[in-house]
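Note sheet for the following structure.
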Amino acid sequence: QVQLVESGGGLVQPGESLRVSCAASESIFSRYAMGWYRQAPGKPRELVARISIVGSTNYADSVKGRFTISRDNAKNTMNLQMNSLKPEDKAVYYCNRARGDPWSWGQGTQVTVSS
């Protein structure tokens with residue numbers, strides 16, 4: 001079973017940037033479409049960014065133009081660069097496969113946007 005570990009979250013002010021990262025226990029990023037998900041308090045988990053095996057990307061409308069997903073197959077990591085953060089981006093961010101049944105969820109990384 002693939003193990004995923006998210007990191008890089010924190011507290012930032014509106015308009016600031018943050019990058020969260022995902023590390024996997026296996027070399028998966030070149031073999032699976034991957035995504036970044038987030039879950040805000042009281043809301044269901046949602047997919048906000050995805051990257052295909054060939055590197056094409058898609059974003060939820062709420063983050064389009066502000067977030068950028070990328071991966072480094074050699075380092076077995078995936079990142080989400082988040083710019084122009086808004087209070088509504090506050091959530092726990094998770095990585096997982098973007099298609100098919102998800103692997104076990106990691107602990108996530110908390111992102112808080114507040115002045």
Discussion item. Over region 1-57, what is the relative contact order in percent, taking alpha-carbon pairs closer than 8 angstrom and at least six residues apart?
Written reply: 26 percent
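Over the chain, what is the relative contact order in percent, taking alpha-carbon pairs closer than 8 angstrom and at least six residues apart?
Worked out over the chain, it gives 38 percent.
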Worksheet entry | Residue-wise HN-Hα coupling along region 67-78, computed from phi with Karplus coefficients 6.51, -1.76, 1.60 (Hz; x: Gly, Pro) | 10, 9, 9, 8, 9, 10, 4, 5, 8, 6, 9, 9
Item to complete: Output the relative contact order of region 51-115, whole-number percent, from Cα pairs under 8 angstrom with separation of 6+ residues.
Response: 24 percent
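What percentage of the solvent-accessible surface of region 1-77, computed with a 1.4 Å probe over protein heavy atoms, is contributed by carbon and sulfur atoms? Don't jump to the answer; show the numbers that get you there.
Details: 2030 of 4240 Å².
Roughly 48 percent of what the probe reaches on region 1-77 is carbon or sulfur.
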Practice prompt. Among the trypsin sites (Lys or Arg not before Pro) in region 7-46, which ones are in a DSSP loop with at most 14 other Cβ atoms within 10 Å of the Cβ? Mind listing them?
Written response: 31
Practice prompt. Mind checking the full-extension length gain between residue 2 and residue 61? Use 0.36 nm per residue of separation minus the Cα-Cα distance, one decimal, nm.
Written response: 18.3 nm
Fill in: Average accessible surface area per residue within the chain, 1.4 Å rolling probe, Å²
52 Å²
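The values are calculated or read from the model by the stated rules, or taken from the named source; none is laboratory data. Since the model is a prediction, treat every value here as computed from it, not as a measurement. For neighbour counting, all protein chains shown are included, and Cβ atoms are generated from backbone atoms with ideal geometry for every residue, glycine included. Note: areas computed on protein heavy atoms with side chains; ligands, DNA, RNA excluded. Shrake-Rupley method; radii C 1.70, N 1.55, O 1.52, S 1.80 Å.
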